[in-house]
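Undergrad: Input: one structure, supplied below.
The values are calculated or read from the model by the stated rules, or taken from the named source; none is laboratory data. Bear in mind the structure is a predicted one, so any value in this text is a computation, not a measurement. When we count neighbours, we look across all protein chains shown, and the Cβ atoms used for this are built from the backbone with ideal geometry, even at glycine. For the accessible areas, the whole protein counts, side chains as well, though only heavy atoms, and no ligand, DNA or RNA atoms are used. Shrake-Rupley method; radii C 1.70, N 1.55, O 1.52, S 1.80 Å.
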Amino acid sequence: MDDPKLMDLQTKLDEFAPTGRSALLPALHHTQKLFGYIPQAAASRIAASLHIPLANVHGVIDFYTLFYRQPVAETVIHVCNDPVCAFAGSDSLFKNFYREVPHQAASGGLETIALERSPCLGLCEHAPALLVQGMATAGAAGQSWQDIITGNFGRPHTQITREVDILTSNCGKGAPTWLAAYEASGGYQAFRKALGMSPAEVISQVKASGLVGRGGAAFPTGVKWEGAANAPGSPKYVVCNADEAEPGTFKDRVMMESDPHRILEGMLIAAYAIGANKGYMYIRGEYIHQFEVMAQARQEAMTVGYIGERVLGSDFSFDLELRLGAGAYVCGEETALFESIEGKRGLPRIKPPFPITHGLFGKPTVINNVETLANVPYILSNGAEAYRKIGTERSPGPKLFCLSGDVEKPGLYEVPFGVTFRHVLYDLAGGVRGGRKMQATLFGGAAGAFATEKDLDVRLSFEDLKAAGLPLGSGVIMVFDDSRDLKQILLRLARFFAEESCGKCFPCQIGTQRQLEILQNIASYGTSAGDREQLEDVARTMTDASICGLGQTAGSAVMSAIQQWQDLFKPARERKE
Amino acid sequence: MTDDITLTIDERPVTVPEGTTILQAAKSVGINIPTICYHEFCTSNGLCRICVVEVEGSRTLVPACVAKVSQDMVVRTRTPRVVNARRTILEMLNASVDLSEDENIQDLMHEYAADEARFPLAEPRQHAILDDNPMYIRDYAKCILCWRCVQVCADDAQYTYAINFSGRGYHTSISTYYDLPLTETTCVFCGQCVGVCPTGALKPKREWLMELGYTPDQIMQMTRTERKSRMRRPQASA
C-alpha cells in the first residue's frame, strides 16, 4: 500500500481534488506517466480523491485508446493506418517490425516495444507517420528500426506554401514563434484594440467580416459569439477545439507548434466579446509536443498579464486551462468535447439545446476551431472590410488546405478562398506525383467525398464546393493517382469510423461495423450481389438517424464513390435467379 | 403556466403543452411510434433511433423520444425514409445480438418486414455468460446497449454506480470496475437492473436455472451451497 509511486500520485491528486470530476483526464494522464499504465490501485485512489464512482472511472479509462488498464511495453509506437500512410508503406513497416525487431522481452516480462495501429496522426505530409512514445518522426520509411526505436530521427518539418500570409506568416520557421517575436510582428495589438472597444463592437466586427467556422460545419462565428453573449446564465466559457483528428488534417498542428500566441490572442478576443472569464483549450492526445508549446505560450502570456486578473489594467479577467485528449476522434464533436473536459466518456449530446446556451458544464459556451480563432486578430487589427477583400463574396478570408497523398509537394497551403482546385494542385503543389494521372481526390477527410478530373476547375469556396457536391470540411485534399485501389481506400476509411464510433446511438455503433464487414468481405472475396444495396442502406441510415456528425458522415465517402463510379461495386458474378 | 403548442402529426392537428416530446404528443392522439431503448421511468437518451420521425425543415430524421414539439411543427411518423431507417436498424441489430427473448423487437421485425438474414457476414457480439453471484446472471450476448441498467443503477433510481461501460463503438459492453465480479463491487442486488432489461441479458438466477432444466429443489441446493462457500471465502472471485 505504501508504494512510493502511489504516494506521489496521492500528492498530485490532492492538488486535483478541488477541481472534482473535471480533473479526471489530467489525473489519468498523470497516473499513466508514473506507472506506464493505470493500475487498479491507482484508479481507486483517483475515484476517491475526485469523488467519482469506481465504475465510472473504469468507463472513462476504457473509452480512450491512449489509456491502458494493463501494462503495455517500455516503448509504444503508433503507426498510422489510414489510406495515405498505408500507401506510403505503413503496412510494410508493420511486417518488418514482426520479422526484424527483437521486441519480445527475454524472460517473459513486459515486451520492450509495442506497435499499435493508429488512426490518422495528423502527419500526413510525412507519410508513413509514426509516433514513438508520443514523438513524431519524419520520413520513417527511409530509416532503420534501430534509429526509430532509439529516437534517433529528425522532427518533421512541414512545407508551407502561401499565396496570402495571414494565418501562417509566423509558421514554418522550424521553431515556435514565442511571445517577443509575436509581439514584434504586431501580435496582441488586436487584443489591445479590442479591450478599447465594447464587446458588442467586437462582435459586430467579426460578424461584418463574414468569418465562418473552419472546423467543418461553417457556422458564422460572429453569430455564434452574439448568441453566447446574449444567452442568460453565468459563468460563460470559451473553448478552443484543437482536437484535430479528421484524417488528412494537420493545419491546427502546424499553427499550434509554430504560432501559439495567435491562437491565444483569438481566444482572448472571443472571451472578452462574450464575457467569459474562463477558457479551455482541448488538444488531441497525440499532439503532446504541441500541447507543450501551447503550455509554454500560456505561461508567457500569464507572465506579462495577457492572461490573469484584470488583464492589462482593464476590468477583464481571464483564466485558461489546457486539456489533453486521450485518443478519441469523436471528441472533436463539440458536445463530446465538453463531456471529455467534464471528465466523462466522450459521447455527443442530443442537440438542441446548443452550446451557445447549454455548453460546457451546461453554461453558455463559444467553441471555435484553432484556425477560426487564428483569423480573429487580423480582423480586429485590419477591420472587416480589409478582411472581406480576401477570398470571395460569400467565403471571405484566407483558408488553409492540407495536401497529402500522391502529390509532388504535400504540405500546408494558405490561399484566399476562390482559387481553383487546379491552381492549388498543379500550380502550387506541382501536380500528381511522378506525373501520373489523378484518379480521385478526397475532399473534407474521412467524412468527405471524392473529386475527379471534372472538378479541377471548381473554385475552392464554400459556395462553389457545395454546388459541386464536395465538402470543404477541415480543408483536406487527399490525392490518389490512377494506381490506387479505391476499395482499399474505402475499406480503410470504414475501419477508421468503426474504431472511432463512440457507440452511443445504434445506427452509427452498428452501422460503422456493418459497413466495415461488407467492405472487408469485398476486399477478400470480391463483390457479391446485394453488397452495394447493403452499403447504401447502411450509409443512408447512418446519415439520416445518427446523433452526431460522426455517424451522419460515416457513409459519405462510400456514397460518393458509388455515385462517381457506378461499376465500383458491380458483382463479379450475378446471382442466378 | 405552460403554453399550449399546436402541431401536425401525420396530417392531424395536435395540441399539447409546451415541453411535450413528439413521442408523447403522438401518443395523445393515438399515433404509436415504436421504441426500443425508451423507458417511461428512465432518462431518455435517443440511443436506438427506432423512434425517428420526419420533421419538415430538418436535415436528418428526429428522435421522437427526446425531441420537443414546437409551434406549427409538421411531423410524419411513417414515411418511406423513416420506415427504411427503422428496418435497417432492426436488421443490423438482429445481426449483432440474440434478440430471441425480446418480444417488442420481434414484433417490430415482423411489422417492418425486416429480413433476419440481411447481413449474413456480420460478426455478432459474443460474450460468455457471467455467473458471479447468487442473484442474477449477465448474458451480454443478448445486450442491445439500451443503457437502462446503468441508468437505474445510477441517477435514475438506486445511486449505486456498480456498473458502467467497457470499450466503445460496436465493442461497447456493460462492465463493472476493472471487470470485477459483482460481489466485489458496490452492487446491492436491488434487482432494478434486472427489472428494466428488455432482452433477457439480465435474468434472475433461479429463472435461468429453471430454463436450463433444473428443478426448484436442485436450485435450492445449488444456491445454498454457493451462498455458504461465499461466506467462507468472502474475497473469492467467481
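Undergrad: To the nearest 100 Å², how much accessible surface do chains A and B cover up together, summed over both, with a 1.4 Å probe?
TA: For A against B, buried area totals roughly 4100 Å².
Undergrad: Under the rule of at least 5 residues apart or a separate chain, name every residue whose amide H is placed under 5 Å from the amide H of A:Asn369.
TA: Residues meeting the amide H criterion: A:Arg214, A:Gly215, A:Asn241.
Undergrad: Against the globular-protein guess of 2.2 N^0.38 Å, express the Cα radius of gyration of the range A:182-255 as a ratio, rounded to two decimals.
TA: 1.31
Undergrad: Sticking with this structure for a sec: Determine by what factor the alpha-carbon radius of gyration of the range A:4-63 differs from 2.2 N^0.38 Å, reporting the quotient.
TA: 0.96
Undergrad: What is the list of residues in the range A:147-174 whose amide nitrogen lies under 19 Å from a point 7 angstrom out from the Cα of A:Glu408, following Cα to Cβ?
TA: A:159-163
Undergrad: If you don't mind, another one. Any idea what the relative contact order of chain A is, in percent, if you count C-alpha pairs under 8 Å spaced at least 6 apart?
TA: Relative CO of chain A lands at 13 percent.
Undergrad: Using modelled backbone amide H atoms (1.01 Å from N, in-plane), which distant-in-sequence or interchain residues come within less than 5 Å of A:Tyr280's amide H?
TA: Answer set, sorted by chain and number: A:Val238, A:Val239, A:Cys240, A:Glu321.
Undergrad: Another question, if that's okay. With a sphere of radius 14 Å drawn around the Cβ of A:Thr372, what net charge do the other residues whose Cβ falls strictly inside it have (Lys, Arg +1; Asp, Glu -1)?
TA: 0
Undergrad: Among bridges DSSP assigns within the protein assembly as shown, what percent are antiparallel (round to 5)?
TA: If I count the DSSP bridges inside the protein assembly as shown, around 55 percent turn out antiparallel.
Undergrad: Please work out the FRET efficiency for the pair A:Glu309 and A:Arg422, using the Cβ-Cβ distance as r and a Förster radius of 41 Å; give the result to the nearest 0.05.
TA: For A:Glu309 and A:Arg422, the calculated efficiency is 0.20.
Undergrad: I'd like to know how the range A:431-525 sits against the 2.2 N^0.38 Å rule of thumb: what's its Cα Rg over that expected value?
TA: 1.22
Undergrad: Using modelled backbone amide H atoms (1.01 Å from N, in-plane), which distant-in-sequence or interchain residues come within less than 5 Å of B:Asp132's amide H?
TA: Excluding prolines and chain starts, which carry no amide H, the hits are B:Arg138.
Undergrad: Please identify the longest segment of chain B free of exposed GluC sites (Glu not before Pro), where exposed means a DSSP state other than H, G, I, E or B and no more than 10 other Cβ atoms within 10 Å.
TA: Here the longest segment lacking exposed loop sites spans B:57-238.
Undergrad: Place the peptides A:66-78, B:193-205 in order of packing, highest mean first, counting for every residue the other Cβ atoms within 10 Å and averaging per peptide.
TA: Per-residue mean Cβ counts within 10 Å order the peptides as B:193-205, A:66-78.
Undergrad: Read phi for every residue in the range A:27-44 and hand back ³J(HN,Hα) as whole Hz from Karplus 6.51 cos²θ - 1.76 cosθ + 1.60, θ = phi - 60°, with x for Gly and Pro.
TA: 5, 5, 4, 4, 4, 5, 5, 6, 9, x, 7, 10, x, 4, 4, 6, 4, 5
Undergrad: Still on this model: Could you give me the radius of gyration and the Dmax of the range B:136-232, taking only the C-alpha atoms into account and expressing both in angstrom?
TA: In order Rg, Dmax, the Cα atoms of the range B:136-232 give 14.4, 43 Å.
Undergrad: Residues of A:47-58, mean number of Cβ from any other protein chain within 10 Å of their own Cβ, rounded to a whole number?
TA: Per residue, the average neighbour count from other chains is 5.
Undergrad: If you plug each phi of the range A:121-131 into the Karplus form 6.51 cos²θ - 1.76 cosθ + 1.60 with θ = phi - 60°, what whole-Hz ³J(HN,Hα) values come out, in order, with x for Gly and Pro?
TA: Computed from phi, the couplings for the range A:121-131 are 9, x, 10, 4, 7, 10, 4, x, 8, 9, 10 Hz.
Undergrad: Quick one: what are the phi-derived ³J(HN,Hα) couplings along the range A:355-370, Karplus 6.51/-1.76/1.60 with θ = phi - 60°, whole Hz, x for glycine and proline?
TA: Taking θ as phi minus 60°, the curve returns x, 4, 10, 10, x, 4, 6, x, 9, x, 9, 9, 10, 10, 6, 3 Hz for the range A:355-370.
Undergrad: Please work out the Cα center distance from the range B:89-119 to the range A:533-547, rounded to the nearest Å.
TA: The distance from the Cα centre of the range B:89-119 to that of the range A:533-547 comes to 17 Å.
Undergrad: In the Gaussian network model of chain B, springs joining C-alpha atoms below 10 Å, which of B:Ser58, B:Ser96, B:Ser70 carries the largest mean-square fluctuation?
TA: Looking only at B:Ser58, B:Ser96, B:Ser70, the biggest GNM fluctuation is shown by B:Ser58.
Undergrad: Excluding A:Ala208 itself, calculate the net charge of residues whose Cβ lies under 9 Å from the Cβ of A:Ala208, where each Lys or Arg counts +1 and each Asp or Glu counts -1.
TA: Charge balance near A:Ala208 sits at +1.
Undergrad: Ok, one more. Counting other C-beta atoms within 10 Å, and keeping those with at most 10, which DSSP coil GluC sites (Glu not before Pro) do you find in the range A:233-324?
TA: Those satisfying the criteria are A:Glu309.
Undergrad: For the protein assembly as shown, evaluate the Debye formula with one uniform point scatterer on each Cα (no solvent term) and list log10 I(q)/I(0) at q = 0.07 Å⁻¹, rounded to two decimals.
TA: -0.55
Undergrad: Only sites in a loop by DSSP and with at most 15 other Cβ atoms within 10 Å count here; which trypsin sites (Lys or Arg not before Pro) in the range A:323-395 make the cut?
TA: Passing both the DSSP loop test and the Cβ count: A:Lys389, A:Arg394.
Undergrad: Still on this model: Roughly how many nanometres apart are two label points built 7 Å out from the Cα toward the Cβ at A:Glu201 and A:Glu321?
TA: About 3.4 nm separates the two model spin labels.
Undergrad: Now, a different point. At 1.567 mPa s and 4 °C, plugging the Kirkwood radius over alpha-carbon pairs of the range B:2-141 into Stokes-Einstein gives what diffusion coefficient in µm²/s?
TA: 77
Undergrad: Could you tell me the ratio Rg/Rh of chain B? Both radii from Cα atoms, Rh via Kirkwood.
TA: 1.05
Undergrad: Find out how many positive minus negative residues lie around A:Tyr306, taking Lys and Arg as positive, Asp and Glu as negative, among other residues whose Cβ is under 13 Å from that of A:Tyr306.
TA: -1
Undergrad: At q = 0.14 Å⁻¹, what log₁₀ I(q)/I(0) does the range A:482-577 have when each alpha carbon counts as one equal point scatterer in the Debye sum?
TA: -0.47
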